[in-house]
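Structure first, commentary second.
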Amino acid sequence: MRFRLFPFLCVLVIAYFSYHSIWGNRGFFRLIEIRQQIQEAKELANETAQEKKNLQYKTAALKNPAAIDPDILEEEALRVLGQTDNSNLVIFD
């Protein structure tokens with residue numbers, strides 16, 4: 001009886017660890033999910049960095065009175081005043 005129980009227990013232990021190595025909290029499918037989250041976070045970081053660069057460019061252009069870009073000045077003035085001309089298309093978020 002003892003010799004028949006040992007292989008059965010070994011199979012149960014192997015099955016337990018196999019199951020958790022695939023579907024467990026630190027298993028294969030969790031690894032795939034974490035890699036996907038990392039990729040999404042990297043994309044968000046890149047978008048945020050690009051938005052930061054754009055904002056830094058705009059603020060730098062507005063800080064220096066001698067080098068103000070007329071287009072940026074007009075864009076900010078129209079945004080602050082809430083006015084547009086007929087040639088502009090306004091999209092509200």
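Would you call THR84 of a type in the set (Val, Ile, Thr) and within 25 Å of the chain's Cα centre (by Cα)? No, not satisfied. For the range 73-93, the set of residues classified as at pLDDT 75 or above and aliphatic (A, V, I, L, M) consists of LEU73, ALA77, LEU78, VAL80, LEU81, listed by residue number. Taking the range 1-52 as the range and being surrounded by 10 or more Cβ atoms within 10 Å (Cβ to Cβ) and not in a helix (DSSP H, G or I) as the test, the residues that pass are GLY24, GLY27. Return the pairs, sorted by first residue and then second, in which the second residue is among the small types (Gly, Ala, Ser), the first residue lies in the range 56-72 and is within 23 Å of ASN88 (Cα to Cα), the beta carbons are less than 9 Å apart, and the residues are 6+ apart or on different chains. Qualifying pairs under 9 Å: ALA61/ALA67; ILE68/ALA61; ASP69/ALA61; ILE72/ALA61.
Taken over the range 53-93, the residue count meeting the criterion of being surrounded by 10 or more Cβ atoms within 10 Å (Cβ to Cβ), among the hydroxyl-bearing types (Ser, Thr, Tyr) and not in a helix (DSSP H, G or I) is 1.
The values are calculated or read from the model by the stated rules, or taken from the named source; none is laboratory data. Nothing here was measured: the structure is a model prediction, and the numbers come from that model. When we count neighbours, we look across all protein chains shown, and the Cβ atoms used for this are built from the backbone with ideal geometry, even at glycine.
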